[in-house]
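Take a look at the structure below.
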Amino acid sequence: QVQLVESGGGLVQPGGSLSLSCAASGSIFSINAMGWYRQAPGKQRELVATINSGGSTNYAGSVKDRFTISADNAKNAVYLQMNSLKPEDTAVYYCKFVISWREYWGQGTQVTVSS
């Protein structure tokens, strides 16, 4: 059994920054990849950023150069640093771990960008 716990998020003004964290616990043998996704009201869940076991990263075009994904393998944690936030970044953000090729999702955390 694997549990993911997210933290961070909240309300920020346009142009501001936020940091999200997600830590996994439980039966973790091999983390294949980690990532962040988001879902805005009325829209489908979309990829924000991923990082694989080798450290390679991938970003959605809309967040590239503003968001940074990183991981701490010793802590089984993944982070998302979000800078220059825009109102269109408003969404519920979910972390995802792929562990032994099975997917596990966090509970989601709200990020609201508004003045």
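Structural remarks
- Within the listed set Ala60, Ala74, Ala24, the residue fluctuating most in the Gaussian network model of the chain (springs between alpha-carbon atoms under 10 angstrom) is Ala74.
- Solvent accessible area, Å² - Arg45, 1.4 Å probe, full protein context: 100
- Computed over the chain, relative contact order equals 37 percent, with contacts defined as Cα pairs under 8 Å that lie 6+ residues apart.
- Carbon/sulfur fraction of accessible area - the chain, other protein chains in place, 1.4 Å, %: 46
- Within a straight-line Cα-Cα reach of under 18 Å, Lys86 can be paired with the following aspartates and glutamates, leaving aside sequence neighbours fewer than 8 residues apart in one chain: Glu46, Asp65.
- In the context of the full set of protein chains, residues of the chain present 53 Å² of accessible surface per residue (probe radius 1.4 Å, heavy atoms only).
- Between Gln81, Gln13, Gln44, the Gaussian network model of the chain with springs among Cα atoms under 10 angstrom shows the greatest mean-square fluctuation at Gln44.
- Each of Thr109, Ala33, Gly55 was placed along the dipole of the chain (beta-carbon charges, centred on the mean Cα), and the one lying farthest toward the positive end is Ala33.
The values are calculated or read from the model by the stated rules, or taken from the named source; none is laboratory data. On a predicted model such as this, the values are computed, not experimentally measured, just so you know. Neighbour counts run over all protein chains shown; Cβ positions are idealised from the backbone, glycine included. For the accessible areas, the whole protein counts, side chains as well, though only heavy atoms, and no ligand, DNA or RNA atoms are used. Shrake-Rupley method; radii C 1.70, N 1.55, O 1.52, S 1.80 Å.
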